[in-house]
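Taking it in order: structure first as structure tokens, then the write-up.
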Amino acid sequence: MLTIPDPPNELTPRTFGASDHLAVGDPVMAIGNPLGLSGTVTTGVVSALDRPVSTSDSSSQDPFAQGQSQGETVVTNAVQTSAAINPGNSGGALVDASGRLVGINSSIASTGSSSGGQSGSIGIGFAIPVDQARMIADQLITDGSAQHAFLGVTPSDGTAKSGSATRSGAKIEQVSQGSGAAKAGLEVGDLVVAVGDAPVTSAESLVAHVREEAVGSTVKLTVIRDGKSTQVDVTLGERTEG
């Protein structure tokens, strides 16, 4: 845990916002040291919420990827922002118009570079929602390590008929024995289309939604099975390495 002995009198802690209070179009500001330029701020808006983003632990330097194997892909249900984020912003604050912390800058989308160098911001940046960041940070401060929720399925992108509509979601290809999914009665072939009130449109989306939940929490999944929609309560276990 980082502490500051004898802090200046004018130093005050950052006020926390809440991820679930954000809306698309809200103004935000990213703070960091892009390309070594300290104390830089950029402004933009919240472009999207619950955006599943995959990054490699070894390259993204995600400060909240504790407990992941080196080089393993980490999926985050990110806040997408148009505020310019560049190398050096990762780990910096994303704040709202009132200065409240709403996310931790983590990664950007890039079109690549023909010269082989690292590309800069193209206006598509991502931040870890503050609620998820606080959950992991609290665990690191208390225990020195973090737990990650485990549903217990292997998903793939899929579709299924529900009445006259065709729904996209996460198709269950495998259910781990003894997992929360198995105990709740999830089956191979089920299509998960929502976690709580949040829609699931792909396998990556399901992984991202589960990752932001706490170990031991119970989530309500909306599942399409044999053309019918049903809801299933699943208690999430703890993800173990491997």
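Please arrange L49, L151, L37 by accessible surface area, largest first, computed with a 1.4 Å probe and ligands excluded.
L37, L49, L151
Could you grab the relative contact order for the chain? Cα pairs under 8 Å, six or more apart, rounded to a whole percent. Before the final figure, lay out the partial values.
Details: 570 pairs, mean separation 39.1, N = 242.
In percent, rounded to a whole number, it is 16.
Can you check what the net charge comes to around K161, using other residues whose Cβ is under 12 Å from the Cβ of K161 (Lys, Arg +1; Asp, Glu -1)?
Local net charge: +2.
Given R₀ = 30 Å, FRET efficiency for T73-D138 by Cβ-Cβ distance, to 0.05?
In this case the efficiency is close to 0.75.
By how many nm would the segment from D197 to H21 grow when fully extended, if each residue of separation counts as 0.36 nm and the alpha-carbon distance is taken off?
Details: separation 176, 0.36 × 176 = 63.36 nm, distance 1.46 nm.
Contour length minus Cα-Cα distance gives 61.9 nm.
About its Cα centre, how strong a charge dipole does the chain have in debye, to the nearest 20, once Lys and Arg get +1 and Asp and Glu get -1 at the Cβ?
It works out to roughly 500 debye.
Suppose the chain between E238 and S110 were pulled fully straight at 0.36 nm per residue; how much longer would it get relative to their current alpha carbon spacing?
In short, 42.8 nm is gained.
When the chain is fully extended, how far beyond the present Cα-Cα distance does L37 get from S168, taking 0.36 nm per residue of separation? Show your work: numbers first, answer last.
On the way: separation 131, 0.36 × 131 = 47.16 nm, distance 4.32 nm.
The L37-S168 span can extend by a further 42.8 nm.
What ratio of Cα Rg to 2.2 N^0.38 Å holds for the chain?
1.09
The values are calculated or read from the model by the stated rules, or taken from the named source; none is laboratory data. Source: prediction; values computed, not measured. Neighbour counts run over all protein chains shown; Cβ positions are idealised from the backbone, glycine included. Quick note on the areas: whole protein, heavy atoms, side chains included, nothing else; ligands and nucleic acids left out. Shrake-Rupley method; radii C 1.70, N 1.55, O 1.52, S 1.80 Å.
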